[in-house]
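In what follows, a structure is listed as structure tokens, so that the remarks can point back to it.
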Amino acid sequence: MSQIAYSSIPVWARSSVPADDSPADDPLPALSGRSYLLVGVGEGADDTLRRWTEVLPGGTACRVLSYPDTDRAGAALRAELAEARVGVRLVIAAPTGASLALRGVAVTAGLNDDEIHVASTGSGDIDVLCPHCRTVTTTSAGVDDVIDCRGCGRHLLIYYHVSRRSGTYLGFMVDAETATPADASAGGVHQ
């Protein structure tokens with residue numbers, strides 16, 4: 001993927017980040033929180049979460065949540081943040097798509113970027129929003145790839161934009177400039 005100069009994709013979610021950068025070697029940011037919420041998704045997260053709990057100062061309130069899937073992790077994070085107090089810091093260890101979704105939960109709950117630390121544990125699937133029918137398609141494809149929307153069937157180019165609140169990439173109809181009504185009806189695409 002060639003990265004454009006300005007993008008809403010966080011640095012940690014870009015495929016241009018070297019593959020040998022291990023989240024286990026990723027240092028925590030300044031330990032400025034009164035309490036910490038560590039959230040992991042998938043098998044690759046547990047070792048990272050364990051390492052991070054070991055570097056927190058003694059007596060620091062810390063809650064560790066680890067789930068096999070993003071949906072359960074997101075629901076648990078939403079519930080925890082509804083009860084959180086000022087000074088909470090969130091640490092996420094998950095594949096990129098899950099990390100983006102969990103970051104979206106945190107941003108929606110009111111956390112700022114400096115209160116969230118993310119270490120991607122792998123690429124994983126991402127979610128792509130079709131602006132035409134509002135369907136979200138989950139895919140292993142990446143930016144600049146073309147996928148078929150599972151809702152309307154349009155051929156969507158995955159663009160360099162990620163929603164901060166939902167963690168979904170924006171897809172747009174790759175052949176919008178050349179598609180004709182006849183093409184659309186033949187391919188199941190609605191104009």
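The values are calculated or read from the model by the stated rules, or taken from the named source; none is laboratory data. On a predicted model such as this, the values are computed, not experimentally measured, just so you know. Positions of Cβ are backbone-derived with ideal geometry, glycine not excepted, and every protein chain shown enters the neighbour counts.
Which of the numbered conditions does GLU177 fail, given that it passes all the others? Conditions: (1) part of a loop (DSSP other than H, G, I, E, B); (2) touching a residue at least 12 places away in the same chain (Cβ under 8 Å); (3) more than 20 Å from PRO68 (Cβ to Cβ). Evaluating GLU177 over (1) part of a loop (DSSP other than H, G, I, E, B); (2) touching a residue at least 12 places away in the same chain (Cβ under 8 Å); (3) more than 20 Å from PRO68 (Cβ to Cβ) leaves (2) as the failure. Within the stretch 111-156, if we keep just the residues that are part of a loop (DSSP other than H, G, I, E, B) and of a type in the set (S, T, N, Q), the residue that is surrounded by the most Cβ atoms within 10 Å (Cβ to Cβ) turns out to be THR121.
Pairs are defined by a Cβ separation below 8 Å, a sequence spacing of at least 6 or placement on different chains, a first member in the stretch 129-152 that is touching a residue at least 40 places away in the same chain (Cβ under 8 Å) and under 21 Å from ALA98 (Cβ atoms), and a second member that is among the charged types (D, E, K, R) and assigned to a loop (DSSP other than H, G, I, E, B); the pairs so defined are CYS130/ARG154; THR138/ASP125. Scanning the stretch 80-89 for any residue that is at pLDDT 90 or above, part of a helix (DSSP H, G or I), under 18 Å from the mean Cα position of the chain (by Cα) and of a type in the set (Lys, Arg) turns up nothing. Looking only at residues in the stretch 93-110 that are among the polar types (S, T, N, Q) and surrounded by 24 or more Cβ atoms within 10 Å (Cβ to Cβ), the one that is nearest to ARG154 (Cα to Cα) is THR96.
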